[in-house]
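Just below is one structure, and these are the notes that go with it.
Coordinate-derived values only; no laboratory data. Computed from a predicted structure; not experimentally measured. Counting neighbours? That spans all protein chains shown, and the Cβs are built from the backbone with ideal geometry, glycine included.
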Ligand SMILES: Nc1ncnc2c1ncn2[C@@H]1O[C@H](COP(=O)(O)OP(=O)(O)OP(=O)(O)O)[C@@H](O)[C@H]1O
Ligand SMILES: [Mg+2]
């Protein structure tokens, strides 16, 4: 074997890698925000909603968690097309990512909600807090704080899964890498570079979650432990 | 002057098990009533009924003018008048001591942040923990946590305080500091109902002792009743219950 | 209105069989490699610990899609470009699974109380005996539910092998779609196939977990 690595194409292509990485981050960030909202609402609905809603959410969660993201994204992409809606690949990508991560978030947050002891709710009601106030201050907030590490891991996986949106030609990092390797014929080098960038991106996502956690969970900042 | 709390022939069942079998007693304004009795006799259940945490099957309970047995009861109004402290503190672990205390005044009474903070420090002063405002519950000893729980209830300026075995999870030396806070409160004229195993404390502080046995009030009277029990059951309880 | 004829449906079913096959390869390969990495993570040797941790960090920080491309092109460049796609797909999934299984199992090994390790030591068991006769039997019970749960991830992840042309279920779906262009019904059927494989495993994992919790109470 006499393969010599040649990374010289990077001189021309690094702006494209950067653009791809930037789009990956953007797709992930938007999906993270909406996925968090969707997942938390679903968790609440599944814990305390009417029977039919619980059932709908449970089905949604099970369907998403037991089918591959690749198939989900095809269905959503072609679904938009069949419905006569012209949407960009990026939009379809975000829609698929949000629907996907929403289900995982729902399960994680639900576990957090279930871990809050009844006595906490009782204490809050006895202090005269309304149902909504109790729900927010005593159930949802500490629940999310408790499952925050699990959420962090899941959202790193989300960022990595966004690579699959290259399959509907969203121009994120993996799609860019695919194009670069077909132009340069330096496939191995191209994917090594892409891999390294993804590793950096996962550190960035982790760091962002850590800093955000420090910001919104003062208890964490002060004691460094999880509840 | 009408009673702050009055129970009239209260019945309460969990499924097929009748836990309260016609409980009747009153608590006058500024009075301290100690409820004693063997484990399982229904003390906690009675206390929880007073705060509408359990729905009663029959009978009448009136608390600070609120009719607990009335289906149209305004629970939030009731809870503005009644504070309750549990054996297990039930502080909110994700909030500091100060935030634990400020939460209800801010959410329920819509106090400004600075007013709520001033109030928190006032009640913390009362329980001797002004220096712990910034701590989190897990950083407190059991006795301190329980005093914070008391302070948290006091911040709502209740007309009546309920205590359910607030010292039974504590070491003897920590029990003292909590009992002292409760004694101060009693001397300050707070109406109180406390379920307790501390007989000496009941004798010293309570105006009235209610002895419950198998879901009924077996005997009731002034603290001195403990020195001179009338019923066989109370005598038995006092001799081996301690 | 069934858009697929019987032959096409059979083609999908055949793809599903390959999905199962590839999953098994990934699971077995990932288990062997993952177990070694898990042992490395709790090794007394700092260098080995570091190497294992680095392996996990790198693999868990790279998308499976990129790993697939890397191995696909890497194996070709090594001169084995005539090898069937299942080799690179199996290799990539093995590598990928090893990192995740290693992390799961490390947690399980470490959740066996320290006193058990010490007790085994004090009885004069050697490292091998300690691991296989004392620690593993205990860790195995805790490890089963998350491992079965990860099996679901593996099955779903095999769908990505389609990008290097391996004809498993997802790729079979694409092939049929290229013939008749009815993406929605085709991929719905494909999704049903996946669901039929994954859902029972998910349920099993959950019931195992419940039993474990009841048992430990
Ligand atoms: N939520 C409930 N569901 C069913 N049974 C209950 C419930 N709460 C209490 N009980 C039962 O009611 C009886 C009285 O309980 P209660 O807690 O009032 O006793 P207690 O006098 O406070 O005892 P202790 O001194 O142990 O606290 C017990 O037999 C208990 O098992
Ligand atoms: Mg009790």
* In deg cm²/dmol and to the nearest 500, what is the mean residue ellipticity at 222 nm of chain B if only DSSP H runs of at least 4 residues count, each as -39500 (n - 2.57), divided by the residue total? -> -10500 deg cm²/dmol
* Which distance in Å, rounded to a whole number, links the C-alpha centroids of the stretch B:143-211 and the stretch C:85-104? -> 62
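Per DSSP H run of at least 4 residues, take -39500 (n - 2.57); add these up for chain C, divide by its residues and hand me the 222 nm value, nearest 500 deg cm²/dmol.
Taken over chain C, the calculation gives -26500 deg cm²/dmol.
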* Structure fact -> Averaged over the residues of A:166-178, the number of partner chain Cβ atoms within 10 Å of each residue's own Cβ comes to 2
* With each pseudo-label sitting 7 Å past Cα toward Cβ, what's the residue B:114-residue A:225 distance in nm, one decimal? -> 3.6
* Any idea what angle helix C:64-75 forms with the longest principal axis of chain C, computed on alpha-carbon atoms, 0 to 90 degrees, nearest 10? -> 80
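Per residue of C:53-66, what is the mean number of Cβ atoms on other protein chains within 10 angstrom of that residue's Cβ?
The mean count of partner-chain Cβ atoms within 10 Å per residue comes to 6.
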* So what's the gap between the Cα centers of the stretch B:21-41 and the stretch C:148-217, to the nearest angstrom? -> 61
* To do: Mind checking A:194-205 for the average number of partner chain beta-carbons within 10 Å of each residue's beta-carbon?
  => 4
* Asked: Can you give me the Cα centroid spacing of the stretch B:45-111 and the stretch A:1-78 in angstrom?
  -> 44
* Let me know the shape class of the stretch A:12-223, please: from the alpha-carbon gyration tensor, a ≥ b ≥ c as square roots of the eigenvalues, rounded when a/c is under 1.5, otherwise prolate if a/b is greater than b/c, or oblate. => oblate
* Asked: Roughly how tilted is helix A:187-216, in degrees to the nearest 10 and between 0 and 90, from the longest Cα axis of chain A?
  -> 20
* For the stretch A:12-223, what relative contact order do you get, as a whole percent, if you take Cα pairs closer than 8 Å and at least 6 residues apart? -> 29
* Send over the Kirkwood Rh of the stretch C:6-216, from the inverse of the averaged 1/r over different Cα pairs, rounded to one decimal Å. => 18.9
* To do: Report relative contact order for the stretch B:71-162 in percent, whole number only (criteria: Cα-Cα under 8 Å, sequence separation at least 6).
  => 48
* Structure fact -> Expressed to one decimal in nm², the mean projection of the alpha carbon convex hull of the stretch C:114-217 is 9.6
* Which value, to two decimals, describes the C-alpha radius of gyration of the protein assembly as shown once divided by 2.2 N^0.38 Å? -> 1.22
* To do: Would you calculate, for chain A, the mean residue ellipticity at 222 nm contributed by helices, counting each DSSP H stretch of 4 or more residues as -39,500 (n - 2.57) and dividing by all residues, to the nearest 500?
  => -26500 deg cm²/dmol
* Structure fact -> Contact order relative to length for the stretch C:6-216, counting C-alpha pairs under 8 Å separated by 6 or more residues, stands in percent at 30
